[in-house]
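Engineer: What follows is a structure written as structure tokens; I'll ask about it next.
Since every read-out is calculated from the coordinates, none of them should be taken as a lab result. Only a predicted model underlies this, so the values are computations on that prediction, with no experimental measurement involved. No Cβ is skipped: glycine too gets one built from the backbone with ideal geometry, and neighbour counts run over all protein chains shown.
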Amino acid sequence: MQEEIKRLEKEAQEAIGSAKDTGALEAIRVKYFGKKGVLTALLRSMGALPTGERPKVGQMVNETSQRLEGLLENRLAIFQKAEKQQRLAEEAIDITIPAREMRLGRLHPLTLVYQTTRDIFLGMGFEVREGPEVEWEKYNFEMLNIPENHPSRDMQDTFYITDKILLRTHTSPVQVRTMLAQKPPIRMICPGRVYRVDEVDATHSPMFHQIEGLVVDKGITMGDLKGVLDVFAKALFGPATRTRFRASYFPFTEPSAEMDVSCSVCGGEGCRVCKGTGFIEIMGAGMVHTSVLQGCGIDPRVYSGFAFGMGLDRMANMKYGIADIRLLYENDIRFLEQF
Ligand code: FA5
């Protein structure tokens, strides 16, 4: 028995000496001192020894255990220290590196003008609607009184996806979608992107933004149209703003008009932004054509309405004195930071 204890001690000492980490030490501890450990088993088997030998062997086992435990603890302390140091080295943060500069983003001028415009119309009881940019030719043209071969299809030539589906040339198809979906009273605006095969210059872009407006109810007149749009222009561009309505033509409104506003950059004197005229055209408008109402299932003998479609990009240019529409799309930080 005593020989066996000595052999075990030697074996355990060697194992502790060659352990590589805390995990290996823990395995050794379990092997010798665990519930089913070798030394534990030895203590339990002492009952089989002659009574006279028991104290001696018991003392030997205890002393061996103490020595081995001491050895284990020493090695464990060494490993723990080394492992802690390695972890600290791996997780080190260099607190001397200067902090990264936080750059605050800004809203794009088009977003700013849209949000202001939306809030003005919400204040007048309008709702905001949306429509698809990829649109049926039927809604973009046909139901707006623009049949196939109508010359105004040429003026708004666009990108066709199929014969019947195209990128919308204006937000007016949302008028049709709204009237088909809802009975009057209707008071809505609809913002969105539109597409045309227009040559790019200071005031034209092949992709630009419009905000459509539609009011349909009993007794709506051209006076309502002029009043609402005049209030809107003064709220957006300032109380000194003057508006001007020129007779125009759109197949889906009768009568039709273009609305100009006095240039807020020069106050109407004439400058680069208004090309010296003192006024800038910002939208087309008019009384909803009776056949458009009828086509959407609304009785023109009972209801009338007005509609408008404004060019958001040109409004942003005027509001902020931007002379060229292209600046809105170049994503030049030096330009965008000014708003
Ligand atoms: C229309 O698109 C009509 N749908 C507007 C309308 C709606 C009339 C409801 C009556 C009733 P127009 O093609 O004129 O109309 O365009 C409206 C506005 O979009 C213009 O006043 C202008 O501000 C802007 N616009 C037109 N083409 C461009 C372009 N290529 N780039 C930037 N803005 C443009």
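Engineer: What is the stretch 93-231 by shape, rounded, prolate or oblate, if you read a ≥ b ≥ c off the alpha carbon gyration tensor as root eigenvalues and call it rounded for a/c under 1.5, prolate for a/b larger than b/c, and oblate otherwise?
Structural biologist: Cα axes put the stretch 93-231 in the oblate bin.
Engineer: Where is the GNM fluctuation largest for the chain (alpha-carbon springs, 10 angstrom cutoff): 191, 50, 255?
Structural biologist: 50
Engineer: Taking the Cα centroid of the stretch 149-219 and of the stretch 272-329, what is the distance between the two, rounded to the nearest whole Å?
Structural biologist: Comparing the Cα centres of the stretch 149-219 and the stretch 272-329, I get a distance of 11 Å.
Engineer: Residue 155 versus residue 4, label points 7 Å from Cα toward the beta carbon: distance in nm?
Structural biologist: With each label point 7 Å from Cα toward Cβ, the separation is 11.0 nm.
Engineer: Per DSSP helix of 4 or more residues, -39500 (n - 2.57); summed, then divided by the residues of the chain. What does that give at 222 nm, rounded to the nearest 500? Mind dumping the intermediate values first?
Structural biologist: Values: 12 runs with 141 residues, N = 339.
Calculated mean residue ellipticity at 222 nm is -13000 deg cm²/dmol.
Engineer: Taking the Cα centre of the chain as origin and charging only Cβ (+1 Lys, Arg; -1 Asp, Glu), how large is the dipole, in debye to the nearest 20? Don't skip to the answer; put the middle values down first.
Structural biologist: Details: 43 positive and 45 negative charges, 269 e Å.
Approximately 1300 debye in magnitude.
Engineer: Moving on to the next point. Points 7 angstrom from Cα along the Cβ direction at residue 67 and residue 324: gap in nanometres?
Structural biologist: 9.2 nm
Engineer: In percent, how large is the relative contact order of the stretch 2-90, given Cα pairs closer than 8 Å and 6 or more residues apart? Display every interim value, and only then the final one.
Structural biologist: Numbers: 46 pairs, mean separation 32.0, N = 89.
So the answer I get is 36 percent.
Engineer: A further question follows. With labels modelled as points extended 7 Å from the Cα through the Cβ direction, what inter-label distance (nm, one decimal) is found for residue 130 paired with residue 301?
Structural biologist: 4.0 nm
Engineer: Okay, moving on. Which one, 181, 156, 191, is farthest towards the positive end of the dipole of the stretch 145-203 when Lys and Arg carry +1 and Asp and Glu -1 on their Cβ?
Structural biologist: 181
Engineer: Also, quick follow-up: Anyone know which of 224, 163, 198 comes out most mobile in the 10 Å Cα GNM of the chain?
Structural biologist: Of the options given, 163 has the highest mean-square fluctuation.
Engineer: Estimate the FRET efficiency between residue 336 and residue 148 by the formula 1/(1 + (r/R0)^6), using the beta-carbon distance for r and 41 Å for R0, to the nearest 0.05. Could the numbers behind the result be given before it?
Structural biologist: On the way: r = 42 Å, r/R0 = 1.03.
For R0 = 41 Å, the calculated efficiency reads 0.45.
Engineer: Another question about this same structure. Looking only at the stretch 55-75, which residues have a backbone nitrogen under 17 Å from a spot 7 Å from the Cα of residue 13 in the C-beta direction?
Structural biologist: Under 17 Å, as judged by backbone N against the label point of residue 13, lie 60-75 of the stretch 55-75.
Engineer: Still on this structure, I have one more. Report the number of Lys pairs in the stretch 109-336 whose alpha-carbons are under 22 Å apart, with separation of 8 or more residues or on distinct chains.
Structural biologist: Taking the stretch 109-336 as the scope, the lysine pair count is 9.
Engineer: Taking the stretch 76-142 on its own, what percent of its Cα-Cα pair distances exceed 17 Å? Mind showing how you got there, number by number?
Structural biologist: Working: 1667 of 2211 pairs.
When all Cα pairs of the stretch 76-142 are counted, 75 percent exceed 17 Å.
Engineer: For the chain, with a Gaussian network of springs between Cα atoms less than 10 Å apart, report the residue from 133, 14, 269 with the top mean-square fluctuation.
Structural biologist: Result for the chain, Cα springs under 10 Å: 14 fluctuates most.
Engineer: While we're looking at this one, here's another question. Could you work out the mean projected area of the convex hull around the alpha carbons of the chain, in square nanometres to one decimal?
Structural biologist: Numbers: hull surface 136.7 nm².
Orientation-averaged projected area of the Cα hull: 34.2 nm².
Engineer: Give me the extension gain from residue 202 to residue 277: residue separation times 0.36 nm, minus the current Cα-Cα distance, reported in nm with one decimal. Kindly include the intermediate steps, with their values, before the conclusion.
Structural biologist: Details: separation 75, 0.36 × 75 = 27.00 nm, distance 1.56 nm.
Taking residue 202 through residue 277 to full extension adds about 25.4 nm, to one decimal.
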